[in-house]
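Q: Structure in structure tokens, see below.
The values are calculated or read from the model by the stated rules, or taken from the named source; none is laboratory data. Since the model is a prediction, treat every value here as computed from it, not as a measurement. We place every Cβ from the backbone using ideal geometry, glycine too, and count neighbours over all the protein chains shown. Only protein heavy atoms, including side chains, enter the accessible area calculation; ligands, DNA and RNA are left aside. Shrake-Rupley method; radii C 1.70, N 1.55, O 1.52, S 1.80 Å.
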Amino acid sequence: MKKVITYGTFDLFHEGHYKLLQRAKALGDYLIVGVTTESYDRQRGKLNVVDDLLTRIENVRKSGFADEIIIEESYGQKVSDIQKYDIDIFTVGSDWIGKFDYLKEYCEVVYLERTKDVSSTMLRNEAFSIKRIGIIGNGRIAGRFVSEAVGVSGVNIQGVYNPHTESAATFADDHDINCFKTEEELFENIDIAYIACPHQYHYEYIKKAIESGKHVISEKPLVLKEAQARELFDMAKEKQVVVIEGIKTAYCPGFIKLIDVARSGIIGNIKYVDACFTKLEKNDSRELTDLQYGGSFIELGSYCLLPIIKLLGIEYEDISFDSIRGENGLDLFTKCSMIFPRGLATATCGLGVKSEGRLLIAGTLGYIVVDAPWWKTTYFEVHFENAEHVEKYSESFLGDGLRYEIADTLNQINGNSTSEFKLTRKESITMASVMEKFLIHENRGV
């Protein structure tokens, strides 16, 4: 008798799960299915799991394919289970190609083709339905988004759209998703649009998505004009859809804890925020060759503005920019200086000049320092006048961080409006106003 084993969360059980179990069953005579516990899901970075363990076990049982159901509780259990149950074949979805090759020492490993899309009618009568995501644009961040979506229960990447169809088709093949040939086809088959195209097209596609009744996650910067941001959020409110600006830092647990600690009064009144983010890009990259929408501040400024606006507010009194430029005139390094009623701030960004890249929050009783990469906040320290008095805080940061903004979007769609504080519409509008002022300062013709 040939024994097969497979594992999964099996949350919000859907046709993709059904087909995976069906294919696994066809590989042998006896199928063992491991269902993960809630604690193990959290441990391995799976966010937003809705169904409890008993419900997920019952859904697997109802499929009719499992001869035996076991519980997966920890890392390393797969090897023990394979040996304990004398398994011949371990199988898992193609999302995980290569990740379980280490098990080949113990049995055959088979990566099963995943279900590319999810039916629009599936689970519509349930309290929570699978949300279908379509990607607009297929640059580097889009690939990371696909990988991160696997870590969030309740979503499925349906496909990708790019007016440059060949590029989209290659991306779709690489990530085993659909390639939408037209905007109409895209919007007919999704619930959430993820905007990952170049900055200058964000406004156009966000507006089309909202008009089509779709929720939106947009890469930063959301848009490059204050009036556009206001218009889009007003449209979203009227259409009752969620629009969030995908600055992943805003949604990660460490940064949320950092802001809470800073606001608690532990360092007194906050008077100065200094945020720096630099990385070195290749000279032929889009960021350093797009003379209108490239450069360091447009690319990285949203990250640095985030803690400034969260801590000093949306009403700044004055703003100025100083830049170091490359031969083509684009800013390789920009310092944005801001004056608020409560204090001062600097946001420093670089694509061609490398700096320390830390976040400093200074108050009347002490200061907080977060070393690079502070935009993936995992650790920070609170310092006081007494140099021996240092309070230390730490928090996890899962994967590339994009899963946090995906999970937050789902929470808002499902009616949990309490999560909106992480990045409010007013804060996004303020950041758009800063981007607009920078482009005006640069004479880039906004």
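Q: Calculate, in nm to one decimal, what Lys279 and Ser167 gain on full extension: separation in residues at 0.36 nm each, minus their alpha carbon distance.
A: Result: 37.7 nm gained on full extension.
Q: Further question: What percentage of the solvent-accessible surface of the chain, computed with a 1.4 Å probe over protein heavy atoms, is contributed by carbon and sulfur atoms?
A: The computed percentage sits at 47.
Q: Work out the charge dipole of the chain with +1 on the Cβ of Lys and Arg and -1 on the Cβ of Asp and Glu about the Cα centre, then indicate which of Phe145, Ile324, Phe384 is farthest towards its positive end.
A: Of Phe145, Ile324, Phe384, it is Phe384.
Q: Based on Cα coordinates alone, diagonalise the gyration tensor for the chain, multiply each eigenvalue by 5, take square roots, and list the semi-axes in whole Å, largest first.
A: Each semi-axis is the square root of five times an eigenvalue, giving 42, 26, 20 Å.
Q: Further question on the same structure: Among residues other than Ser320 whose Cβ falls under 11 Å from its Cβ, what is the net charge (Lys/Arg +1, Asp/Glu -1)?
A: In short, 0.
Q: Please compute the Kirkwood hydrodynamic radius over region 123-266, one decimal place, Å, based on all pairs of different Cα atoms.
A: 16.1
Q: Something else now. Translational D (Stokes-Einstein, µm²/s) of region 300-446 at 25 °C and 0.890 mPa s when Rh comes from the Kirkwood sum over C-alpha pairs?
A: Calculated translational D: 141 µm²/s.
Q: Let me ask something additional. With the crude spin-label approximation of a point 7 Å out along Cα→Cβ, what separation in nm comes out for Glu38 versus Val50?
A: Reported label-point gap for Glu38 and Val50 is 1.6 nm.
Q: Taking the Cα centroid of region 262-277 and of region 17-90, what is the distance between the two, rounded to the nearest whole Å?
A: What the calculation gives is 46 Å, centre to centre.
Q: Based on a Kirkwood Rh over C-alpha pairs, give the Stokes-Einstein translational diffusion coefficient of region 403-446 at 20 °C and viscosity 1.002 mPa s in µm²/s.
A: 175
Q: Oh, and also: For Val49, what charge total do you get from the other residues with a beta carbon under 10 Å from its beta carbon, if Lys and Arg give +1 and Asp and Glu give -1?
A: Working: positive: Arg42, Lys46, Arg56; negative: Asp11, Glu38, Asp41, Asp51, Asp52.
Charge balance in the 10 Å sphere: -2.
Q: Moving on. As I understand it, the value is the acute angle between the Cα axis of helix 425-441 and the longest principal axis of the Cα atoms of the chain; what does it come to in degrees, rounded to 10?
A: Around 50 degrees separate the two axes.
Q: Something else: For helix 202-211, what angle does its Cα long axis make with the longest principal axis of the chain, in degrees from 0 to 90 and rounded to 10?
A: The angle comes out at about 50 degrees.
Q: Turning to a different aspect of this structure: What accessible area per residue comes out for the chain, rounded to a whole number of Å², with a 1.4 Å probe?
A: Per-residue accessible area for the chain comes out at 44 Å².
Q: Subtract the Cα-Cα distance of Ser396 and Glu381 from 0.36 nm times their separation in residues, and report this length gain in nm to one decimal.
A: Working: separation 15, 0.36 × 15 = 5.40 nm, distance 1.52 nm.
Residue separation times 0.36 nm, minus the Cα-Cα distance, leaves 3.9 nm.
Q: Under the 0.36 nm per residue contour assumption, what length would be gained going from the current alpha-carbon distance of Glu327 and Glu68 to full extension?
A: 86.6 nm
Q: Something else now. Give the angle, between 0 and 90 degrees and rounded to the nearest 10, that separates the Cα long axis of helix 402-413 from the longest principal axis of the Cα atoms of the chain.
A: Between the helix axis and the principal axis of the chain, the angle is about 90 degrees.
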